[in-house]
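Comments concern the structure below.
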Amino acid sequence: MSIVNEALNVSVKSIDTCNSEESAVFGSDIVSRDGVIIKYEKSLLIEQLNQDFSVYRRVIYLESEVDIGIPSFLQQRVDAICQISGDFNTPITIEITSYGGDAYAALAIVDLIESLPMKINMHGRGPVMSAAAIILVNATGIRSIGKRTKLMLHPVSASSVTGNTDAFLIEAKQIQTLDSTFLKMIADHSKKSLEFWKNKITKNVYMEPEEALGYGLIDEIR
């Protein structure tokens with residue numbers, strides 16, 4: 001069962017008084033859309049929203065390691081916000097706090113963000129590092145971080161490899177490919193060249209908000 005169906009009571013009835021515009025009444029007992037009133041249980045919905053997203057603020061809270069389950073986590077919550085509010089166009093904000101995680105998961109999340117019909121704003125709090133920083137930098141809307149947030153970028157690190165020399169060579173080639181991909185993504189979403197980032201990101205690079213803003217990695221500090 002989807003997160004929307006869990007939050008909403010399935011009691012639905014048509015009425016003639018609703019107009020055709022998609023609209024939502026927050027803090028009441030109904031959401032109206034296309035001439036249909038959908039009644040929902042407020043307590044269940046509020047409990048759901050208090051966990052990791054807010055329909056009213058159009059915010060998703062991402063406060064975990066970036067792993068391969070995060071793309072579907074985000075997609076489900078984007079769907080919930082749009083379906084409950086009836087608004088599929090207004091930007092959605094992802095508030096992210098994370099030390100990073102899986103490189104392939106980060107690529108999947110960026111692909112998802114770029115495929116969505118609305119702009120995705122990103123706001124970083126606390127540590128926004130490694131894969132999390134890549135995701136924030138590639139937001140399609142406004143990219144912002146708090147004034148005490150730490151942004152960190154670094155070269156792709158190797159996972160454990162077992163096997164013969166060929167296995168190590170294959171892994172090394174894939175790491176180089178991932179590094180090239182991430183460096184281009186950073187360059188394409190900053191004020192600095194690809195060559196600049198190749199020379200700078202040779203180890204862990206920690207940035208203060210003002211430095212990240214100067215490089216064009218973010219748009220605002222707030």
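Assorted remarks:
- Number of the exception - Ser85 against (1) among the small types (Gly, Ala, Ser); (2) touching a strand residue (DSSP E or B) at 6+ places or on another chain (Cβ under 8 Å); (3) closer than 24 Å to Ser180 by Cα: (3)
- Hits in the stretch 78-95 (condition: assigned to a helix (DSSP H, G or I), buried (at least 18 other Cβ atoms within 10 Å of the Cβ) and out of contact with any Leu (no Cβ under 8 Å at 6 or more places or on another chain)): Ala80, Ile81, Cys82, Gln83, Ser85
Here's the yes/no breakdown for (1) at negative phi; (2) touching a helix residue (DSSP H, G or I) at 6+ places or on another chain (Cβ under 8 Å); (3) in contact (Cβ under 8 Å) with a residue 24 or more places away in the chain; (4) not acidic (Asp, Glu):
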{"site": "Ser72", "(1), (2), (3), (4)": "yes, no, no, yes"}
{"site": "Asp79", "(1), (2), (3), (4)": "yes, yes, yes, no"}
{"site": "Ser85", "(1), (2), (3), (4)": "yes, no, yes, yes"}
{"site": "Thr90", "(1), (2), (3), (4)": "yes, no, yes, yes"}
{"site": "Tyr99", "(1), (2), (3), (4)": "yes, yes, yes, yes"}
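- Residue check for Ala139: of a type outside the set (Lys, Arg), farther than 21 Å from Gln51 by Cβ and buried (at least 18 other Cβ atoms within 10 Å of the Cβ): yes
Residue-wise test of (1) buried (at least 18 other Cβ atoms within 10 Å of the Cβ); (2) of a type in the set (Phe, Trp, Tyr); (3) free of Cβ contacts under 8 Å to residues at least 40 places away in the same chain.
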{"position": "Gln174", "(1), (2), (3)": "no, no, yes"}
{"position": "Lys191", "(1), (2), (3)": "no, no, yes"}
{"position": "Asn204", "(1), (2), (3)": "no, no, no"}
{"position": "Leu217", "(1), (2), (3)": "yes, no, no"}
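- In the stretch 144-198, residue nearest to the chain's Cα centre (by Cα) [restricted to those that are modelled with pLDDT of 90 or more and of a type in the set (Ser, Thr, Tyr)]: Ser144
So that you can scan it fast, the table gives a plain yes or no per residue for (1) at pLDDT 95 or above; (2) assigned to a strand (DSSP E or B); (3) under 12 Å from the mean Cα position of the chain (by Cα):
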position: Thr97; (1), (2), (3): yes, yes, yes
position: Ala106; (1), (2), (3): yes, no, yes
position: Val110; (1), (2), (3): yes, no, yes
position: Glu114; (1), (2), (3): yes, no, yes
position: Met118; (1), (2), (3): yes, no, no
position: Met122; (1), (2), (3): yes, yes, yes
position: Ala132; (1), (2), (3): yes, no, yes
position: Leu136; (1), (2), (3): yes, no, yes
position: Ala139; (1), (2), (3): yes, no, yes
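The values are calculated or read from the model by the stated rules, or taken from the named source; none is laboratory data. The structure displayed is predicted, hence computed values, not measured ones. Glycine also receives a Cβ, built like all others from the backbone with ideal geometry; neighbour counts cover every protein chain displayed.
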